[in-house]
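J.: Before anything else, here's the structure in question.
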Amino acid sequence: MTDDAPSITAEQFAAQTSRIIASVSAVIDGKPDAVRSALVCLLAQGHLLIEDVPGVGKTMLARALAASVDATVRRIQFTPDLLPGDVTGVSVYDPVDREFVFKPGAIFAHIVIADEINRASPKTQSALLEAMEEGQVTVDGATHPLPDPFLVVATQNPLEMEGTYPLPEAQRDRFMMRISMGYPDAAAEALMLRQRDTVNPLSAVTPVADAASVRSLIAHARKVHVAEAVEEYAVALAQATRMDPSLHLGASPRATLQLVRSAKVHAALDGRDYVIPDDLAELLSPVFAHRLLPARGAHRAGAQPVEAALAQILDRVRVPLAARL
């Protein structure tokens, strides 16, 4: 969908992405990794899942990214009574023309903020599956394409909190990355108290990019070179998760593809036109962890079983030699 986007230089890519990062960072204090992850998902044509306790800035990050890009933005507050048609749209009978007319739902936007996605029922959550994977919505047998670019930034509360439904495996697999915001440090929290007592920082955000420029950034990132040895390394990491005895469910082929796509953007943001193994290693946990399930009884002291398994996989899977890159 971005093949017809105008070409840009590496310098233009760096300048444009720096403006987006600076704009979002002006709202999200002290969370550069979260801001970068959101931009990686946008430019890699993936979707972002932000999981954390309430009040740490999950929705603020999504809204800051949306405000920095001059494109259509919709926010959906997921609740137990939300229906699939509220998300995708419905066909409504027009008595004048005596025919059914499709009324688009909230999913029809460049950036969709799915707030507290795990407070809706699994049936409503599943309304996002086709949209997130294929960039389209099918209602009453008719297919309706979504805008390009298209990004879902979903927030969810930890499952231990009341009124939450766990996302099914198929839904989690649609998200390119899962990140956590974490609590701000003392300095950032004190600064927030001073700056946000009377002024909403989002009100000062002005768009620094539009949909057309985002498509050009996506097209530029796609051209980043991935050597055959690096591709083999990505496949080896994915296969290792499928054979690890401490994991009940390993990474899907979609996960491998999204790992490489996100690594391309990661490399481009670092000013390189090629991917190195370190790109894959750094993104492995954000891209893979939410898709994996630990085996029953799996436990490693001092760490979550999935994250600990990924750390051990990184240690034992052979990194390709520089001469082969």
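The values are calculated or read from the model by the stated rules, or taken from the named source; none is laboratory data. In this text the structure is predicted, and so the values were computed from the model without any measurement. FYI the Cβ positions are ideal-geometry reconstructions off the backbone, even for glycines, and counts take in every protein chain you see. Surface accessibility is based on the protein's heavy atoms, side chains included, excluding ligands, DNA and RNA. Shrake-Rupley method; radii C 1.70, N 1.55, O 1.52, S 1.80 Å.
J.: Please tell me if A234 is modelled with pLDDT under 95, open to solvent by less than 50 Å² (accessible area, probe 1.4 Å) and of a type in the set (A, V, I, L, M, F, W, C). Write out each step before concluding.
T.: Numbers: modelled with pLDDT under 95: no; open to solvent by less than 50 Å² (accessible area, probe 1.4 Å): yes; of a type in the set (A, V, I, L, M, F, W, C): yes.
Against the criterion (modelled with pLDDT under 95, open to solvent by less than 50 Å² (accessible area, probe 1.4 Å) and of a type in the set (A, V, I, L, M, F, W, C)), A234 does not qualify.
J.: Still on this model: Search the range 86-106 for residues being closer than 29 Å to V214 by Cα and not β-branched (V, I, T), and hand back the single one that is surrounded by the most Cβ atoms within 10 Å (Cβ to Cβ).
T.: G105
J.: Then there's this: Given the options A170, A131, name the one that is open to solvent by 20 Å² or more (accessible area, probe 1.4 Å) and assigned to a helix (DSSP H, G or I).
T.: Every option except A170 fails the conditions.
J.: Can you tell me which residues in the range 107-126 are more than 17 Å from the chain's Cα centre (by Cα), open to solvent by less than 20 Å² (accessible area, probe 1.4 Å) and not polar (S, T, N, Q)?
T.: A120
J.: Scan the range 49-58 and give yes if some residue there is assigned to a helix (DSSP H, G or I), touching a residue at least 24 places away in the same chain (Cβ under 8 Å) and over 17 Å from K264 (Cα atoms), otherwise no.
T.: Yes, the range 49-58 contains a residue that is assigned to a helix (DSSP H, G or I), touching a residue at least 24 places away in the same chain (Cβ under 8 Å) and over 17 Å from K264 (Cα atoms).
J.: Residues of the range 97-111 being touching a residue at least 40 places away in the same chain (Cβ under 8 Å) and either in contact with a His (Cβ under 9 Å, 6 or more places away or on another chain) or among the polar types (S, T, N, Q) (or both), which ones?
T.: The answer is F102, P104.
J.: If you check every pair at least six apart or on different chains, which have Cβ atoms under 9 Å apart with a residue in the range 125-142 that is in contact (Cβ under 8 Å) with a residue 60 or more places away in the chain first and a residue that is of a type in the set (V, I, T) and buried (at least 16 other Cβ atoms within 10 Å of the Cβ) second?
T.: Close Cβ pairs (under 9 Å, with a partner that is of a type in the set (V, I, T) and buried (at least 16 other Cβ atoms within 10 Å of the Cβ)) amount to M132/V152.
J.: I've got another one for you. From the residues in the range 173-196 that are in contact with a Pro (Cβ under 7 Å, 6 or more places away or on another chain) and open to solvent by less than 50 Å² (accessible area, probe 1.4 Å), which one is modelled with the lowest pLDDT?
T.: I179
J.: Of the residues that sit in the range 59-75 and are outside any helix (DSSP H, G or I) and among the β-branched types (V, I, T), which one is nearest to V208 (Cα to Cα)? Step through it out loud before you land on a result.
T.: Filtering the range 59-75 down to residues outside any helix (DSSP H, G or I) leaves 69-75.
Pick out the ones that are also among the β-branched types (V, I, T) and you get 69, 72-73.
On the way: V69: 6, T72: 14, V73: 15 Å.
My answer is V69.
J.: Checking K123 against (1) part of a helix (DSSP H, G or I); (2) within 28 Å of I218 (Cβ to Cβ); (3) out of contact with any strand residue (DSSP E or B) (no Cβ under 7 Å at 6 or more places or on another chain); (4) not polar (S, T, N, Q), only one condition comes out false. Which one?
T.: (2)
J.: What helices (runs of 4 or more DSSP H) lie completely within the range 175-281 and have 2 or more residues being free of Cβ contacts under 8 Å to residues at least 60 places away in the same chain and over 22 Å from I111 (Cα atoms)?
T.: Filter on the range 175-281 gives 186-195, 228-243, 253-269.
J.: Can you name the residue in the range 209-225 that is open to solvent by 20 Å² or more (accessible area, probe 1.4 Å) and touching a helix residue (DSSP H, G or I) at 6+ places or on another chain (Cβ under 8 Å) and, of all such residues, is nearest to F288 (Cα to Cα)?
T.: R222
J.: What do you reckon, is L151 within 20 Å of Q258 (Cβ to Cβ) and at pLDDT below 90?
T.: For L151, the condition - within 20 Å of Q258 (Cβ to Cβ) and at pLDDT below 90 - is not met.
J.: Return only the number of the condition from (1) open to solvent by 30 Å² or more (accessible area, probe 1.4 Å); (2) over 19 Å from A62 (Cα atoms) that V199 does not satisfy.
T.: (2)
J.: If you don't mind, there's one more thing I want to ask. How many residues are under 19 Å from Q258 (Cα atoms), part of a helix (DSSP H, G or I) and open to solvent by less than 40 Å² (accessible area, probe 1.4 Å) if we restrict to the range 1-40?
T.: 6
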